[in-house]
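Colleague: Next up is a structure, given as structure tokens.
What follows is calculated from the coordinates using simple rules that are stated; it is not laboratory data. The structure displayed is predicted, hence computed values, not measured ones. Note: ideal-geometry Cβ built from the backbone for every residue, glycine included; neighbour counts use all protein chains shown.
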Amino acid sequence: MKKSLSRSILITLLVFTLLAVLATAISLVTMSYFNEEGRFEDMLVNKARSSAQILEEYSLDERIELLKDQFPGEERFTLINSEGVVVFDTAVSGTQLSNHAARPEVLGAEDAGESVLVRRSQTLNRDTLYVAERLADGSVIRVSQERFSLIAFLGSMALPVGGLLLCAILLVVALSRFLTNRIMRPLAKVDLNNPLPVDAYEEMRPLLQRVSDQQQQLVRQNEELKRADGLRREFSANVSHEMKTPLQVISGSAEMIANGLVAPGDIQEFGERIYSESGRLRALINDVLTLSRLDEASIDNAEKMPVSLLDIVSIKCEQLRPLAEGRGVNVAFEGDDVIVFGSEALLEQAVSNLVENAIRYSNEGGHVNVVLQREEVAGNAQAVVRVSDEGIGIPSEDLDKIFERFYRADKSRSKETGGTGLGLAIVKHAALYHGGDVSVESTLGEGSTFTLRLPLKNPEAD
Ligand code: ADP
């Protein structure tokens, strides 16, 4: 069965009310019964005593006459002689009664002069109260009277109590309807889209607060999703745009060669152009793949392992030396032996992008300095890679944008040197993936310093 507020209010009220009414009725009736019984007993004892006092004065025959004439009434009088023989009884002919010598009330009176006792009847309905008095000659006068038993008395109260219960039930039904309506009224007013302003019950505040929090969280998540979706669309549009130019160059050059429009002496130049544009395409595709892998966070912690940054940085500097020499740039490297916990491939790419940028944006004869250090910042050990150049620098208004995808501060230099516009975005993503960050300081025309910081602590170790 479904839970219902009105039903549970009704049942609770009913149970409590019925119990209360019944308990009150039973205890009141019982109390008044015992009260009544006490009075009844006192009365009968007094009657027995005064009868005994009167009878004492008379002979046996006179006693019988007296009992016949003087004491007719609701009570039953029994005169028993000292042998226990019933001499006279106002209710039954004395000769029909057996010897009463062994009756407890008679024995009691012989012992103590007076005895009072109640005999329960078989039918439960009626009890009989006996009071026996011993007379001076050894005979006993017994006065008895029937009365309702407690159960019969309670039974006689059933009708009024039942009526009371019925009234109580009707009252309770009406009350529970009223209460349910009253309780539900403020609840019905709650607007789940905007739950807080309603003046609902104090007790509901935590619930409404939670609904409101979740509502806001949903709104935020929605905004976040929309933003992410927007960024993804923009990224896809940018990727296709970036691919178009090299593809046009490749297909245009290839078409001209195929149609025999290129003089034999120029074929080599066209081949070189096709080769370099396909290299640009390859680099773009690689960067896009790396970024989408990072976006989907498909590199999980299981792929992290201890990696020697010293090895990575020195090898990358070595690999990029030909590029640097081709541009007349000098690359210097010094470093501590630092081990970080992470993805080797990603760290290689991040370091490589920074050093390659420093070379590409340097002027002929420039110096690139790469330093790898272990530093202590606020009690946390960090690996720090600093890549400085004396190149063209970055305008200050571009400084916080260069880590965005496809943002180029110097478009022509980027394209001319084969840039994809994604290098720094990958560096930033890789830094965040390792729990670190990347920052830049630069002066236009004087050079730039990129700083990549990675925490040394193994996050798995906690
Ligand atoms: P790109 O492939 O165009 O170099 P990046 O994401 O690596 O793309 O860099 C973004 C932009 O930041 C570059 O286009 C360039 O304008 C600027 N930049 C990056 N590194 C340097 C540097 N060392 N010196 C000057 N400008 C830089």
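Colleague: Work out the FRET efficiency for residue 210 and residue 169 from their Cβ-Cβ distance, taking R0 = 45 Å, and round it to the nearest 0.05.
Modeller: 0.70
Colleague: Arranged from highest to lowest average of other beta-carbon atoms within 10 Å per residue, in what order do the peptides 9-22, 354-367, 252-265 appear?
Modeller: Ranking, from highest mean packing down: 354-367, 9-22, 252-265.
Colleague: Run the quick spin-label model on residue 377 and residue 233: label points 7 Å from Cα toward the beta carbon, then report their separation in nm to one decimal.
Modeller: Taking the two extended label points, one gets 3.7 nm.
Colleague: In degrees, nearest 10, range 0 to 90: what is the angle between the Cα axis of helix 309-326 and the longest Cα principal axis of the chain?
Modeller: So the helix axis and the longest Cα principal axis differ by about 30 degrees.
Colleague: Suppose R0 equals 25 Å. What FRET efficiency, 1/(1 + (r/R0)^6) with r the Cβ-Cβ distance, do residue 283 and residue 262 give to the nearest 0.05?
Modeller: Approximately 0.45, to the nearest 0.05.
Colleague: How large is the charge dipole for the stretch 376-462, taken about the Cα centre, if only the Cβ atoms of Lys, Arg (+1) and Asp, Glu (-1) carry charge, to the nearest 20 debye?
Modeller: Computed about the Cα centre, the dipole is about 320 debye.
Colleague: Moving on. Can you tell me how much longer the chain between residue 386 and residue 292 gets when fully stretched, taken as 0.36 nm per residue apart minus their C-alpha distance, in nm with one decimal?
Modeller: 31.2 nm
Colleague: Next question. Check cross-link reach from residue 226 to the lysines: straight Cα distance under 24 Å, and skip same-chain residues fewer than eight apart.
Modeller: 401, 428
Colleague: A follow-up question, please. Kindly express, to the nearest 10 degrees and within the range 0 to 90, the angle between helix 423-433's C-alpha long axis and the longest C-alpha principal axis of the chain.
Modeller: Helix 423-433 sits roughly 30 degrees off the main axis of the chain.
Colleague: Which three extents, in whole angstrom, do the alpha-carbon atoms of the chain cover along their principal axes, largest first?
Modeller: 171, 49, 39
Colleague: Determine the relative contact order of the chain: mean sequence separation of Cα pairs under 8 Å and six or more apart, normalised by residue count, in whole percent.
Modeller: Result for the chain is 9 percent.
Colleague: Here is a further query. Going from the alpha-carbon gyration tensor of the stretch 29-95, what semi-axes, largest first and in whole Å, does one get by taking the root of 5 times each eigenvalue?
Modeller: Semi-axes (√(5λ), whole Å): 27, 13, 11.
Colleague: Give me the percent relative contact order of the stretch 145-243, please, defined on Cα pairs under 8 angstrom at least 6 residues apart.
Modeller: Rounded, it is 14 percent for the stretch 145-243.
Colleague: At what distance in nm do the modelled label points of residue 219 and residue 334 sit from each other, each positioned 7 Å from its Cα along Cα→Cβ?
Modeller: Modelled inter-label distance: 5.6 nm.
Colleague: Beta carbons within 10 angstrom, averaged per residue: use that to sort the peptides 171-182, 220-231, 313-324, highest first.
Modeller: 313-324, 171-182, 220-231
Colleague: Expressed as a whole number of Å, what is the distance separating the alpha-carbon centroids of the stretch 266-287 and the stretch 117-177?
Modeller: When both Cα centres are located, 116 Å separates them.
Colleague: Taking the Cα centre of the chain as the origin and placing charges on Cβ (Lys, Arg +1; Asp, Glu -1), which of 450, 149, 368 is farthest toward the positive end of the dipole?
Modeller: Projecting each Cα onto the dipole axis, the largest value belongs to 149.
Colleague: Continuing with this model, one more query. Going 7 Å from the Cα of residue 400 along its beta-carbon direction, which residues of the stretch 413-445 have the amide nitrogen within less than 18 Å of the resulting point?
Modeller: Residues 425, 428-429, 437-443 fall inside that zone.
Colleague: Same structure again: Against the longest alpha carbon principal axis of the chain, how many degrees, from 0 to 90 and to the nearest 10, is the axis of helix 205-258 turned?
Modeller: 20
Colleague: If you don't mind, there's one more thing I want to ask. So what's the stretch 157-305 giving for Cα Rg divided by 2.2 N^0.38 Å, two decimals?
Modeller: Working it through for the stretch 157-305, the quotient is 2.51.
Colleague: Taking 30 Å as R0, compute the FRET efficiency from the Cβ-Cβ separation of residue 64 and residue 151 and round it to 0.05.
Modeller: Rounded to the nearest 0.05, the efficiency is 0.20.
Colleague: Farthest toward the dipole's positive end in the chain, which of 207, 308, 270, given Cβ charges of +1 (Lys, Arg) and -1 (Asp, Glu) about the Cα centre?
Modeller: So the residue we want is 270.
Colleague: For the stretch 335-378, build the charge dipole from Cβ charges (+1 Lys, Arg; -1 Asp, Glu) around the Cα centre, then report which of 355, 342, 377 sits farthest towards its positive end.
Modeller: 355
Colleague: Give me the compactness ratio for the stretch 190-246, meaning the Cα radius of gyration over 2.2 N^0.38 Å.
Modeller: Compactness ratio reported: 1.99.
Colleague: So what's the convex hull volume per residue for the Cα atoms of the stretch 70-218, in Å³?
Modeller: Output value, Cα hull per residue: 233 Å³.
Colleague: State to the nearest 20 debye the size of the charge dipole of the chain about its Cα centre, where the only charges are +1 on K and R beta carbons and -1 on D and E beta carbons.
Modeller: Charge dipole, the chain, about its Cα centre: 1540 debye, nearest 20.
Colleague: Report, please, the projected area of the stretch 1-114 averaged over directions, based on the convex hull of its C-alpha atoms, in nm².
Modeller: Dividing the Cα hull surface by four gives the mean projection, 12.7 nm².
Colleague: Here's something else I'd like to know. Tally Lys and Arg at +1 and Asp and Glu at -1 over the other residues with C-beta under 15 Å from the C-beta of residue 239: what net charge comes out?
Modeller: +3
Colleague: Please compute the length gained on full extension between residue 112 and residue 50, using 0.36 nm multiplied by the number of residues separating them and subtracting their Cα-Cα distance.
Modeller: 20.6 nm
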